[in-house]
Amino acid sequence: MANGQQVIEQFETFAPKKFAFEGDPIGLQIGTLNKEVKRVLVTLDVLESVVDEAIEKEIDLIIAHHPPIFSKLPKVTDQSAAGRIVMKCIKHDIAVYAAHTNLDVAEGGVNDLMAQALGVTDTTVLVPSFENTVYKLVVFVPEEAVAQVSEALSRAGAGHIGSYSDCQFHTTGTGQFKAAIDTTPYIGQAGKLERVTEVRIETVVTELNQKQVIRAMKKAHPYEEVAYDLIREEINAPSLGLGRIGYLKEAMPLKAFAEHVRTVFAVDNLRFVGDEKQMVRKVAVLGGDGNKYVSTAAFAGADVLVTGDLYFHVAHDAMALGLAVVDPGHHVESIMKQGVADFLTKRFHDQKIDVDVLISTANTNPFHFL
């Protein structure tokens, strides 16, 4: 069994709060995490229909992409939808946690999921917003514990360099120490100078995973006091941020690409801007409302931008820049439901956490098409 804090701790290894843009109302919005959680429901939006679904399915925690409370509620009563949502959640002890721009920014988050679904490869970040600083981690381990510490480091996420994982360097040397009288050393005797054969393990961690890696390392290490160094590397740190830009396998006419977008995201209708015969291959993707980033996509060399909620005059701006735009609507971000559920299911399995993850089936798309 797990409590809500443990569940969210696992989720935030995927979409840390520090990724979120300033002022974004993310995190716990309703209820408490200080309780046992047996079932989690993943949803795009928290509408009253979603809460009713959660009640029916005996959900303990809802994880949503769109925060149900974007601004302060002047009052909480049954006279408003927002009030009824809060009241029902509190009554049925359902906590609601929102991951908005942090889930947009995260590797494997909304924008990566959209790009992958469209077959856009060799992607880079469209709008950098977070630099994931790289550190060298050095730890000294007795010979008999090298395997267990090495495995713990890799399992916690250390040692990723480009397309390679489990990267480490091991050197053998002699360690020296004297344990205080009131200690219980793993090797040697208290108050006596000891010299032992140790292995120096070097690997790399990042700003995002260093805490969990160090925690795992200390848990696996046999010493009472673990000797380690954490050194900032003067190399280009990978950038994270909003949107992705990459390439289709082959160029195609804009109209055919728009049809491809419609099929992939299973939308009834969409809008597109540009000459339907123009060939597109370099594609920018930005989930949600991407109006502010039309010029960014154009200056990045995109042939087409896939985003939602396109404004009339921004469409004119895109035309002037020579950028095609395909707008399948904001609701295509619902692709995050399966992505988040898959991540949590695997994470819970790996960490031996007994929590069921369900995907909301309630339709939260407000639009109908004729």
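The values are calculated or read from the model by the stated rules, or taken from the named source; none is laboratory data. Keep in mind it's a predicted model, so treat the numbers as computed, not measured. As a convention, Cβ positions derive from the backbone with ideal geometry for all residues, glycine included, and neighbour counts pool all protein chains shown.
Here are some notes:
- Among residues of segment 117-130 that are in contact (Cβ under 8 Å) with a residue 40 or more places away in the chain, those with a beta-carbon under 6 Å from a residue that is surrounded by fewer than 15 Cβ atoms within 10 Å (Cβ to Cβ) and in a strand (DSSP E or B) at least six positions away or on a different chain give the pairs VAL125/SER239; PRO128/SER239.
- Residue tally, condition over 17 Å from THR101 (Cα atoms) and assigned to a loop (DSSP other than H, G, I, E, B), over segment 280-329: 10
- You will find that of ASP45, ASP60, the residue that is within 21 Å of the chain's Cα centre (by Cα) and modelled with pLDDT of 95 or more is ASP45 and no other.
Residues checked against (1) under 30 Å from the mean Cα position of the chain (by Cα); (2) among the small types (Gly, Ala, Ser):
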| residue | (1), (2) |
| --- | --- |
| ILE90 | yes, no |
| ALA117 | yes, yes |
| ASN132 | yes, no |
| GLN148 | yes, no |
| TYR164 | yes, no |
| THR174 | no, no |
| PHE177 | no, no |
| GLN189 | no, no |
| LEU193 | no, no |
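- Elements of type helices (runs of 4 or more DSSP H) in segment 63-119, at least 1 residues being basic (Lys, Arg): 81-91
- Selection count where residues are touching a helix residue (DSSP H, G or I) at 6+ places or on another chain (Cβ under 9 Å) and surrounded by 11 or more Cβ atoms within 10 Å (Cβ to Cβ), scope segment 339-353: 8
- Scanning segment 217-255 for residues that are over 30 Å from GLY274 (Cα atoms), in contact with a Lys or Arg (Cβ under 7 Å, 6 or more places away or on another chain) and surrounded by 15 or more Cβ atoms within 10 Å (Cβ to Cβ) turns up just one, VAL226.
- Picking from residues in segment 179-204 that are surrounded by 14 or more Cβ atoms within 10 Å (Cβ to Cβ) and not in a loop (DSSP other than H, G, I, E, B), the one that is modelled with the lowest pLDDT is VAL196.
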